[in-house]
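The values are calculated or read from the model by the stated rules, or taken from the named source; none is laboratory data. Note that the structure is predicted; figures quoted are calculated from it, not measured. Note: ideal-geometry Cβ built from the backbone for every residue, glycine included; neighbour counts use all protein chains shown.
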Amino acid sequence: MEVKKPETEVVRKKKIINSFKYAFDGIKASFESERNMKIHIFIMILVIIFGFILKISLLEWIICIILFAIVIAGELFNTAIETVVDIAMPQINPKAKIAKDVSAGAVLWLAIGSAVIGLIIFVPKILSLF
């Protein structure tokens, strides 16, 4: 039986750094290849700008940040699922279509829920300006 040598601290740090690099590469790839990711990021930037202009509360910022994370993560999962389905099933297949459509539907559901919450936060603040 072969005895495994313990990892050095340097090797562990390299693995951690690489895992972050790969994660950022995935986010970048999704942003570059998915139109909807660009839309989500654009809306996120608009919400941040309006959040500062309308002076939303700390709790409202926390809610917005959680929603940003959920929607962006959903889009990343959707991109991963669609990519894996395309690799596994390059030809047209009704079950592959269902997997991709359900994944896209999940992101849509997250985005609609986030938009509704955004309206609850922002509409009263906008109306109070008039």
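Of all residues in segment 65-72, one or more are assigned to a helix (DSSP H, G or I), within 12 Å of the chain's Cα centre (by Cα) and surrounded by fewer than 13 Cβ atoms within 10 Å (Cβ to Cβ). Please determine whether any residue of segment 2-24 is of a type outside the set (V, I, T), at pLDDT 85 or above and in contact with a helix residue (DSSP H, G or I) (Cβ under 9 Å, 6 or more places away or on another chain). Checked segment 2-24: no residue is of a type outside the set (V, I, T), at pLDDT 85 or above and in contact with a helix residue (DSSP H, G or I) (Cβ under 9 Å, 6 or more places away or on another chain). For beta carbons closer than 6 Å, sequence separation of 6+ or different chains, a first residue in segment 110-129 that is within 22 Å of E75 (Cβ to Cβ) and a second that is surrounded by 10 or more Cβ atoms within 10 Å (Cβ to Cβ), the qualifying pairs are L110/I70; L110/V71; L110/G74; A111/V71; S114/L67; S114/V71; I121/E60. Only residues that are among the acidic types (D, E), touching a helix residue (DSSP H, G or I) at 6+ places or on another chain (Cβ under 6 Å) and within 23 Å of A106 (Cα to Cα) were counted across segment 39-87, and they come to 2.
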